[in-house]
Amino acid sequence: MKPLTIFLLLGATIAVVSCSPNSNQKATSNLAPASTPTTSSNATSPIPDEIKQAVKNLPPISRITWKMCNTTDLTEECTKEPKVTEHWGKVQEIKVVKIPAYSRELVQAHVKSQGCFGYYGEAQPEAWYPVGGQTYEVKGKVASASLVESRLLTDQEKEILLLRQKITGTGLVGATCNPSNS
C-alpha cells in the first residue's frame, strides 16, 4: 500500500472507532507506526513532506481558463463554461490549429507552453501544445480561442495538484499533448 493510502485508512479507522458506541475501548491497528508518512510540523497539514519537497524543485505551472468560439458543435457562440487546464511554464498565447481530417474541417486550441501538466512528468521545450484532446468542427466558420485567465500556481496550489495526481494516479485523462509545428 502507498504511504498516503495507509495514512488515510488509519485516520478513517480512528474516526470510526471514536464514533462507535464502545468508544472508550482502545483502538488497535495492524499498521506499523513507521509505515505512516511523515508530514510537516503543522499538524493540520495533510500534505506529506515528500510532496512539499517535490514542489520546491518544480518549475512554474500555469492554470489557464479558456474558451473556444464559432464552431459548429457549440450550441452557443462560445463554450458555455470556460475550460480549465494546467500547463508547464508561463502561458500567454492561445491559437486555433487545423487538425487533419478526411471528410470534416476540424480544429483544436493550442497554447504556447512547456507541455500539459499531468501528461508530461516534467517541463518540455516550449512549443504549441494542444489544450486537452477535444477537437471542434468548423463548417464555413472561423473558429477562435481565447484565454480568459492565465496565472502561475502558488506553492500551496502545486502541493494540492501533486497530491491529487498521487491519489488518483492520473494526470490528464484522454488528453493529447504532443507539440505541433504550427
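Some values worked out for this structure:
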quantity	calculated
DSSP beta bridge pairing in the range 94-153, given as percent antiparallel to the nearest 5	90 percent
Accessible carbon and sulfur surface of the range 37-130 relative to its total accessible area, %, 1.4 Å	47 percent
Subset of Lys98/Lys141; Lys98/Lys166; Lys52/Lys80; Lys67/Lys90 violating a 24 Å alpha-carbon distance limit	Lys98/Lys166; Lys52/Lys80
Extended-chain gain in nm, criterion 0.36 nm per residue less alpha-carbon gap, Val148 and Gln53	31.1 nm
Most to least accessible of Asp49, Asp155 (protein chains only, probe 1.4 Å)	Asp155, Asp49
Heavy-atom surface of the range 73-182, accessible at 1.4 Å and reported per residue (Å²)	59 Å²
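The values are calculated or read from the model by the stated rules, or taken from the named source; none is laboratory data. Note that the structure is a prediction, hence the values are computed from the model and not measured. Surface accessibility is based on the protein's heavy atoms, side chains included, excluding ligands, DNA and RNA. Shrake-Rupley method; radii C 1.70, N 1.55, O 1.52, S 1.80 Å.
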